[in-house]
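A short write-up of the structure that comes next.
The values are calculated or read from the model by the stated rules, or taken from the named source; none is laboratory data. Here the structure is a predicted model, which means the values were calculated and not measured. Note that each Cβ is placed from the backbone with ideal geometry, even for glycine, and that neighbours are counted across all protein chains shown. The area values use the complete protein model at the heavy-atom level, side chains included, leaving out ligands, DNA and RNA. Shrake-Rupley method; radii C 1.70, N 1.55, O 1.52, S 1.80 Å.
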2 protein chains.
Amino acid sequence: MSVHLLQTATSVLLKDPTASLGDVARAAGVGRTTLHKRFPTRAALVRAVANDALDLIDSVSCQVDFDRDDAIEDLITRLVALGPRVEFLLRFPGLERDAELRTRIEAMDEPVLDLITRLQGTKLRRDLPAWWILHTLYAGLFNAWEAISYGRLAPLDAPRFVLTTVFEGVASAGATDRT
Amino acid sequence: MSVHLLQTATSVLLKDPTASLGDVARAAGVGRTTLHKRFPTRAALVRAVANDALDLIDSVSCQVDFDRDDAIEDLITRLVALGPRVEFLLRFPGLERDAELRTRIEAMDEPVLDLITRLQGTKLRRDLPAWWILHTLYAGLFNAWEAISYGRLAPLDAPRFVLTTVFEGVASAGATDRT
DNA sequence: GAGCAGGTGAACACTCATGTTCACAACGGT
DNA sequence: ACCGTTGTGAACATGAGTGTTCACCTGCTC
């Protein structure tokens, strides 16, 4: 049941980062006292939500074979499915002020950066820095999550949208005006 | 001098959306009373900052000839230069709850959406919805602003990065694995 | 039934952002 | 020198979120 509490907290805090603890408790169908017993302070709750998301990413990361050439496609597809839990990590303001969290987030980026660097020998452009490509991927993910939450994009369409847009761009195949 | 106040408020609130009015006033080198005299309430300040950003966009929008085929490139290049003032519009939480602001934001999107739809006849892909392409552009902008604020990206490089990435994608030219 | 773990609402004190007012200082125009 | 404007710090009341405690209830095991 504590799991459901964290998930509810995730979506409530994501929708309104200034939501009070009372709001979170009510949304989770739980007393504010109970919430306080699990997470003695607001900072503790936020940290728990973030760590939960990081655990989720770790579990996904383990399932991806980073040695395969289509590892990125696999990773993106799996990350899209995670939705708000991970979006929280990239969106919640002030999260990077927690040193421990910042460390975990950077550690999460590292293998992907390595993968990108390696693939820049084959299927990825060499004229862009790896970090820019990584953040472009994140931007695509965030884009998809937002569209899904607004009901504009079907969750099952999302991976294809993100991958095709990030990899091939929005220009039509014929128009190659690389400047 | 009021202009400088709004710009300071923009960057302070962007860095920390929960910053107190005292923080804003101090950052602007002005008394909290003075701030209150100009903007009687916090909501009024936020609205003023947002409207300032929208005015800025309007003034840019007027300079772009939406009939030209390279209007998008022109628009993006100009928007990148605006930086945090516009980033505020896309980032600040709860901004869309103000009906008047939401209207202005949608009105801002409209001509760009029309342009995208028109260009889908020529240089833009037809197999993606116009709104998706629009949001991909925004995501690229946001990406660049963030990289600039972290000092990773030179402002003068930004337009090229955004345009080439959004239009052509991150895949190397040879790898055309359109699924 | 006794005991215990877990959950709950009520209540309290405390902090802090906020809105508001007021008296005072600086400055420019007349 | 006078006065309106503009900015300033100090002070105050208010409200909301927060952390904390306590008494009470429920369901479970022994």
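Overview of values
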| item | result |
| --- | --- |
| First in the range A:85-101 and under 19 Å from A:Gly140 (Cβ atoms), second anywhere and open to solvent by less than 20 Å² (accessible area, probe 1.4 Å) and of a type in the set (S, T, N, Q), Cβ under 9 Å, 6 or more apart | A:Arg85/A:Thr10; A:Glu87/A:Thr10; A:Phe88/A:Thr10 |
| Residue match in the range A:85-105 (condition: within 16 Å of DNA strand C (Cβ to nearest atom), surrounded by 14 or more Cβ atoms within 10 Å (Cβ to Cβ) and not aromatic (Phe, Trp, Tyr)) | yes |
| Residue match in the range B:64-81 (condition: within 15 Å of DNA strand C (Cβ to nearest atom) and either more than 19 Å from the chain's Cα centre (by Cα) or open to solvent by less than 40 Å² (accessible area, probe 1.4 Å) (or both)) | no |
| Hits in the range A:25-41 (condition: more than 12 Å from DNA strand C (Cβ to nearest atom) and not in a loop (DSSP other than H, G, I, E, B)) | A:Ala27 |
| Residue match in the range A:146-160 (condition: of a type in the set (Phe, Trp, Tyr) and crowded, with 18+ Cβ neighbours inside 10 Å) | no |
| Answer residue from the range A:15-38, given it is open to solvent by less than 30 Å² (accessible area, probe 1.4 Å) and closer than 22 Å to A:Asp55 by Cβ and is nearest to the chain's Cα centre (by Cα) among those | A:Pro17 |
